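Report on one structure; see the data block that follows.
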Amino acid sequence: MDRPKRARLPHEAPWWVPEGSFFFITINCATRGPNQLCRAGPGDAVLAAAAHNHNKLAWHCRLMLLMPDHLHAIIAFPPAPGMKKAVENWKHYLATHQKIDWQRDFFDHRLRDHHEIEKKISYILMNPVRRELCERAEDWPWIYRPLDRPPPMLG
């Protein structure tokens, strides 16, 4: 039986959203369940690509955490190329070079203030503990969390 096809999500921040706003992002692998990300090779490449985008100012990543079949991140995007294109390019690179089969789309939610950001960071960090993949959040190795200051300009 064919599943209903969902419309593509726009992933464009409305004009009134302040530039540099952070978004909670979830990206799933096409096949849910098997460990596709939390292993040497693909996992290392995903985190390295996140760091590369952060360092070249394609986005400002506060946190990215890999789970076996999905990832969560807190990211701000510059106006150009914007969220949709930045994530598409990143996913395409990893699909091509690491053969990661991502779901077609991704989930985003704008974080409106520092309280929401901290709440989502806590949720993300505790995800492997809730799934019983580790005992303490600080033991989880599949994480990118730059300790530097925010880049000078995103746009």
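What follows draws every value from the coordinates through simple rules; no lab data is involved. If you're wondering where the values come from, they're calculated on a predicted model, not measured in any experiment. Backbone-built Cβ (ideal geometry, glycine too); neighbour counts: all protein chains shown.
Key figures for this structure:
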read-out	value
Enumeration of residues in the stretch 89-108 that are acidic (Asp, Glu) and out of contact with any His (no Cβ under 9 Å at 6 or more places or on another chain)	Asp101
Subset of the stretch 84-130 (residues that are in a helix (DSSP H, G or I), of a type in the set (Val, Ile, Thr) and over 16 Å from Ile74 (Cα atoms))	Thr96, Val129
So His72, is it exposed (fewer than 13 other Cβ atoms within 10 Å of the Cβ) and under 14 Å from the mean Cα position of the chain (by Cα)	no
